[in-house]
1. Under 5 Å between amide H atoms, partner at least 5 residues away or on a different chain: which partners does A:V106 have, H built in plane at 1.01 Å?
2. Within 10 Å of each Cβ in A:44-54, how many Cβ atoms from other chains are there, averaged over the peptide?
3. HN-Hα J couplings of segment A:31-38 from phi, Karplus 6.51/-1.76/1.60, θ = phi - 60°, integer Hz, Gly and Pro as x?
4. Give the average over all directions of the projected area of the C-alpha convex hull of segment A:64-136, one decimal, in nm².
5. With a ≥ b ≥ c taken as the square roots of the eigenvalues of the C-alpha gyration tensor of segment A:62-105, please select rounded if a/c is under 1.5 and otherwise prolate if a/b is larger than b/c or oblate if it is not?
6. Do the alpha carbons of any pairs in A:K71/A:K104; A:K64/B:K138; A:K158/A:K196; A:K138/B:K138; A:K101/A:K177 sit beyond 25 Å of each other, and which pairs?
7. Counting only other chains, and only Cβ atoms inside 10 Å, what mean value do you get across the residues of A:210-216?
Amino acid sequence: MKKTKILGSILGVVLLLGTFQVVSAVDDATDSGKTTQELKKRIEKVVEEKKQEVGEVVAKISTKKRGFVGKIDRVTSETITLETHKGVLIVPLSANVSVTKNGKDVTIDDIAVDEWAITLGVEENGTFEPRFVLVSSKSLRPPEPVVLLGTLKSLTSKELVIVSRSDSEEKSITVTKNALFEDSDGTEIDSEMFEKDLTVLVTGFQDEDGITGTTIRSLAPLSKEK
Amino acid sequence: MKKEVVIAILIGLSFGLIITYGLYRVRKAVTTPNTSSTITAPTDATATPTPAGAMLTILSPEDGHVQEENEVTVTGTATPDSIVVLFVNGEEFISSADASGSFSFTVALEEGSTILSVHAIDESGVGATQERVIIVSKLLSEQPEPQADKEASPAAETK
């Protein structure tokens with residue numbers, strides 16, 4: 001009988017403790033539910049706040065400042081046509097578009113074909129709306145840059161001949177007094193340090209007269225060798 | 001004695017059921033899904049994917065970019081370890097792409113338009129070129145918003 005009582009008591013205590021745990025767990029769950037609701041409300045509030053900010057940013061992105069540079073190909077009373085490096089751009093000249101030439105306000109009659117122009121405006125949803133046209137009598141395009149990699153064949157004070165690594169062709173390059181001769185790390189060195197069969201990088205520009213080298217750089221370190 | 005044991009077991013079972021129900025409630029409360037509030041991550045509009053086979057891609061600046069600052073950072077990707085040359089305003093800057101192909105230059109700009117020309121050349125002498133037009137101007141910031149309607153100011157068209 002005693003054993004049964006003891007057993008029953010132990011069982012009762014264990015079950016009572018279990019019940020406490022359950023009650024506590026339910027309380028926790030209720031608290032957790034409340035927290036979730038609060039978090040949800042807070043997140044929704046933040047989302048609402050951020051929506052406005054995102055909207056402003058999106059509006060900023062969809063309206064951006066743009067500019068084009070090109071040679072004037074055609075001029076009419078209402079438009080000028082520019083040849084840009086990306087293609088042809090027709091710029092409408094409305095009352096809102098300010099046209100200047102060499103810093104002074106001009107009219108359409110003062111603009112000539114083959115002159116250069118920068119047009120500034122805003123791009124909204126992919127459509128460019130010009131605000132300014134800045135005309136220049138001088139070309140706004142620099143001479144065509146050239147980069148060559150090859151083996152030095154000959155070098156004089158006026159000319160450099162290299163065998164191009166890409167097509168194995170000989171390239172004759174004009175060397176001016178201003179040309180820089182550089183070591184592999186970019187430090188300026190004497191042109192006399194350049195010997196035949198040296199691998200060189202030549203940068204410069206190309207025009208109707210040919211290639212003019214402005215920087216001749218050795219790819220192998222020269223000053224350390226000496 | 002047997003009777004008492006049976007009663008004790010029944011009491012135990014009852015409490016067991018209560019505990020199980022309690023656990024069920026707890027689990028349900030914890031796993032209740034929140035009302036969904038989706039925030040769509042903005043897509044990265046600035047990153048330009050490198051097309052397959054391309055040796056040179058300029059990531060920034062964007063072509064036709066207008067800014068007021070007299071300095072720009074040109075970044076991009078090229079063939080890993082290739083030589084990269086930036087031509088700007090009659091000056092050239094020689095650098096090289098790193099092992100991952102990334103390169104970066106920070107150069108000064110003059111007021112007006114600048115054509116940035118980037119050349120990459122690999123060890124076999126094969127090169128690639130990319131250009132960007134960038135304009136330094138305060139005109140657009142100084143100008144008030146135009147009041148004209150769309151008819152008076154038709155948009156430019158590209159062919």
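Taken together, the values in this text are just the output of simple stated rules run on the coordinates, not laboratory data. Fair warning: this is a prediction, and the values are worked out from it, not measured in the lab. Using ideal geometry, Cβ is built from the backbone for each residue, glycine included, and neighbour counts are taken over all protein chains shown.
1. The list, which skips near neighbours in sequence, is A:V99, A:T100, A:K101.
2. Mean shielding by partner chains, rounded to a whole number: 1.
3. Calculated HN-Hα couplings, in order: 4, 4, x, 4, 4, 4, 5, 5 Hz.
4. Details: hull surface 17.7 nm².
If you wrap the Cα atoms of segment A:64-136 in a convex hull and average its projections, you get 4.4 nm².
5. The shape class here is rounded.
6. Numbers: A:K71/A:K104 19 Å; A:K64/B:K138 14 Å; A:K158/A:K196 16 Å; A:K138/B:K138 22 Å; A:K101/A:K177 35 Å.
Flagged as over cut-off: A:K101/A:K177.
7. Working: counts 0, 0, 0, 0, 4, 4, 0.
Whole-number average of other-chain Cβ neighbours for A:210-216 is 1.
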